[in-house]
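Single-structure report; data block below.
A short reminder: the numbers here are calculations on the coordinates, not readings from a lab. Since this is a predicted model, take the numbers as computed values, not measurements. Cβ placement follows ideal geometry from the backbone for every residue including glycine, while neighbour counts extend to all protein chains displayed.
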Amino acid sequence: MKTRPGVELASLTDVGCNRENNEDASGYWEPEDDASFAVLGRLAIVADGMGGHEGGQVASRMAVEVFAEAYAASAERDSQKRLLDALAEAHHRIQRKAGEDPRLSAMGTTCTAFALINSRLYFVHVGDSRLYLLREGKLRPLTRDHTLIARLIESGAIRPEEEENHPQKHVLTSALGVPDDIEIDFPPEPVAIQANDVLLICTDGLWGQMNLSEMQHVIASQSPKNACRALIQLAKDRGGPDNITVQLLRVL
């Protein structure tokens, strides 16, 4: 991945220990010319597909490719609206593809993407992949999961500590490509980013196998490249039941 000076970027994906196919996808994009870069900044995307042997791979790959294409081609002046429009385009294109091919009728995907533009962070999020910010050694999530278990916790129906062993832990309430309207998470205002901040986007194959403090320690103590490797190995050491994808961007 070629990047302009100012960041250190690393990305890694692994099929995990139990799956035959990798239904995760990720991407990074930035414009070639400086004028466009000043407007569009750096774009990073992670998607976790679902819907059978082939459907999940198709959905996640389409989410990354269509999102990046739509974002790059957009004439929208508002940065957050540009991300939202790109997400909507990916959603509709996946829906159309599923409608054209009966083998893909059940496919869908999570999608978490951010744009870093002049030290301002914009993002959009659907599903249970996550975006985190590490600042001054402290890691915190910027997105909330679109899952049944998250709704139950938010409503007070169950306690947070019951999540780990709940039978509906991974039931999504929103995903790209599904027939119903999607629930989208995005910030009311861009997040100000400063030197030494680290942005992490990952699928649930990573965060589902470790706690926040473990992730925090690895990211804070290693380079993005080494941290990606260490995080994925830790997830696999815990059983690696799902595909694992992580992308890290450190601001210099």
Please give, to one decimal in nm, the separation of the simple spin-label points placed at Ala220 and Arg77, each 7 Å out from Cα toward the Cβ. 4.2 nm
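I want the local charge near Met107. Using Cβ-Cβ distances under 15 Å, sum +1 for each Lys or Arg and -1 for each Asp or Glu among the other residues.
Details: positive: Arg61, Arg93, Arg96, Lys97, Arg103; negative: Glu23, Asp24, Asp48, Glu54, Glu65, Glu100, Asp101, Asp180.
So the environment of Met107 carries a net charge of -3.
Translational diffusion coefficient, Stokes-Einstein: compute it for the chain using the Kirkwood radius over C-alpha pairs as Rh, at 10 °C and 1.306 mPa s, and state it as an integer in µm² s⁻¹.
Details: Rh = 18.2 Å.
After rounding, the answer is 87 µm²/s.
Shape call for the stretch 1-106 from the C-alpha gyration tensor, a ≥ b ≥ c root eigenvalues: rounded (a/c under 1.5), prolate (a/b greater than b/c) or oblate? Numbers along the way, then the final one.
On the way: a/c = 3.36, a/b = 1.43, b/c = 2.35.
In terms of gyration-tensor shape, oblate.
Can you work out the FRET efficiency for the pair Val39 and Thr3, with r the C-beta to C-beta distance and R0 = 25 Å, to the nearest 0.05?
Working: r = 17 Å, r/R0 = 0.68.
Efficiency computed from Cβ-Cβ geometry: 0.90.
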Across the stretch 83-96, in residue order, what do the Karplus-derived ³J(HN,Hα) couplings come to in whole Hz, using 6.51 cos²θ - 1.76 cosθ + 1.60 with θ = phi - 60° and x for Gly and Pro? 5, 5, 5, 5, 5, 4, 5, 4, 4, 5, 5, 5, 4, 5
Relative contact order [Cα under 8 Å, 6+ residues apart], the chain, whole percent: 26 percent
For Lys81, the lysines lying under 27 Å Cα to Cα, once residues fewer than eight places off in the same chain are dropped, come out as Lys2, Lys97
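Do any trypsin sites (Lys or Arg not before Pro) in the stretch 65-124 lie in a DSSP loop with no more than 15 other beta carbon atoms within 10 Å, and if so, which? Mind dumping the intermediate values first?
On the way: sites: Arg77, Lys81, Arg82, Arg93, Arg96, Lys97, Arg103, Arg120; in loops: Arg77.
Sites meeting the loop and neighbour criteria: Arg77.
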Setting aside same-chain residues fewer than 8 positions from Lys236, which lysines have a Cα under 21 Å from its Cα? Lys169, Lys225
Could you work out how much longer the chain between Arg96 and Asn211 gets when fully extended? Use 0.36 nm per residue separation minus the Cα distance between them, nm to one decimal. 37.6 nm
